Amino acid sequence: MRAVVYNGPRDVSVENVPDARIEKPTDALVRITTTNICGSDLHMYDGRTDVKPGQVLGHENMGEVIETGPAVDRVKVGDFVCLPFNVACGFCENCERGLTGFCLTVNPGKAGGAYGYAGMGPYRGGQAELLRVPYADFNCLVLPESARDNQNDYVMLSDILPTGYHATELAGVLPGETVVIYGAGPVGLLAAHSALIKGAAKVLVVDSIAERLALAEQIGAIGIDDTENTGAEQVLELTDGGADRGCECVGYQCFNCEGHEVPNLTMNNLVKAVKPTGVIGVVGVFMPNDPGAADELAKQGKIAFDFGQFFTKGQRIGTGQANVKAYNRRLAKLIETGKAKPSFIVSHELPLEQAPEGYRRFDAREKGWTKVVLKP
């Protein structure tokens, strides 16, 4: 089968690799019809993780079930499914609590597994023609038939929409509140979309890329231009002293207005922009180690955090990757009824063979490249 393979920093290619296949009785085999390049993939692409050459990438996947193992009962051949990026067993202590992003079974010695991602287990990714899905009855979200004609919305259920929604859950967003979101990339935009769906009175999105801010305003948020590093001050003015809730949707590869990488920038700006006793939800990726970091602290996965200000303001923080299964069924219903339309972030559809170009241009933040969808 054809698949996107990581060769080294800023070097991916589409190669012939052994076909994905049923390996255990609980597996399903899915023919991938739509798969995305995620901002999280760029951390690996940039050489900022310990991903090994030869890894098949891709954790935002959907397609049609073409084979099932003998122990698969609920999922049938012909079902059209979206796969949470979390690979989870469904029966460990964390899975039973709904914390499927921290499954204790699928990645021994660690909490959490994922398709095609550094440190997240032995699972190949879905930027390929075929994908093996472990524990298929648990991990497959069976979609309505109408999803076949609306794939660019439903594929976002694999990660990016639940992750944006998760940011608002970690922050505890309630109807009528003000929310500030740092980052107008795909996650930040869908966090804004989620906050608006949840009834936030005012959603402010801070970024320095004009076209991304325009997308935020297109869905009813307020774009805050941070090119002069005044975003937090603008938020304070527009919220009468601070937002009720804040969402961090950038992560450790954050750049300031001068183009320098500053891993702690968004976290400290959120402490400043969120009011006393407010809550911050962090879904931007922060890695436990970063071999490509500019300073020794960041190489160890650490940041200089304004804890004194955070403590003095009595704020709280929730962190961690999304437990996709906690949200994806309900979010699918919102898509089905037209109340959620996450495909507004899609800027480019490419055949799988053009994935290297998609990675290169998305990583360079070229104008107009907001979200890349691949069609194997």
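The values are calculated or read from the model by the stated rules, or taken from the named source; none is laboratory data. Everything numeric in this text was worked out from a predicted model, so none of it was measured. Every residue, glycine as well, gets a Cβ built from its backbone with ideal geometry; the counts of neighbours run over all protein chains shown. Ligands, DNA and RNA are excluded from the accessible area calculation, which covers all protein heavy atoms including side chains. Shrake-Rupley method; radii C 1.70, N 1.55, O 1.52, S 1.80 Å.
Examine region 133-145 for a residue that is part of a helix (DSSP H, G or I), open to solvent by 10 Å² or more (accessible area, probe 1.4 Å) and at pLDDT below 95, and state whether such a residue exists. Yes, region 133-145 contains at least one residue that is part of a helix (DSSP H, G or I), open to solvent by 10 Å² or more (accessible area, probe 1.4 Å) and at pLDDT below 95. Remark: VAL106 matches the filter, which requires a residue to be closer than 25 Å to ILE160 by Cβ, in a loop (DSSP other than H, G, I, E, B), in contact with a strand residue (DSSP E or B) (Cβ under 6 Å, 6 or more places away or on another chain) and without any contact (Cβ under 8 Å) to a residue 40 or more places away in the chain.
Selection over region 50-73 of residues that are open to solvent by 20 Å² or more (accessible area, probe 1.4 Å) and either within 24 Å of GLY301 (Cβ to Cβ) or at pLDDT below 95 (or both) gives a count of 4.
Here is the figure for region 9-41: residues that are open to solvent by less than 10 Å² (accessible area, probe 1.4 Å), within 20 Å of GLN354 (Cβ to Cβ) and not in a strand (DSSP E or B) total 2. Taken over region 299-325, residues that are under 18 Å from the mean Cα position of the chain (by Cα) and either over 28 Å from GLN253 (Cβ atoms) or crowded, with 19+ Cβ neighbours inside 10 Å (or both) amount to 5. Report whether or not ASN152 is touching a residue at least 24 places away in the same chain (Cβ under 8 Å), closer than 19 Å to GLU64 by Cβ and among the polar types (S, T, N, Q). It is true that ASN152 is touching a residue at least 24 places away in the same chain (Cβ under 8 Å), closer than 19 Å to GLU64 by Cβ and among the polar types (S, T, N, Q).
Do you know which of the residues in region 337-353 that are of a type in the set (Val, Ile, Thr) and buried (at least 17 other Cβ atoms within 10 Å of the Cβ) is farthest from GLY220 (Cα to Cα)?
Ranking the qualifying residues of region 337-353, first place goes to VAL346.
Just one of (1) small (Gly, Ala, Ser); (2) under 21 Å from LYS313 (Cβ atoms); (3) open to solvent by less than 20 Å² (accessible area, probe 1.4 Å) trips up GLY251, so point out which. All conditions pass for GLY251, except number (2). Among the candidates PHE311, PHE305, the residue that is over 27 Å from SER194 (Cβ atoms) and at pLDDT 95 or above is uniquely PHE311. Considering region 356-374, and only residues there that are part of a loop (DSSP other than H, G, I, E, B) and not basic (Lys, Arg), the residue that is surrounded by the most Cβ atoms within 10 Å (Cβ to Cβ) turns out to be THR370. The set of residues in region 290-340 that are of a type in the set (Asp, Glu) and in a helix (DSSP H, G or I) comprises GLU296, GLU336.
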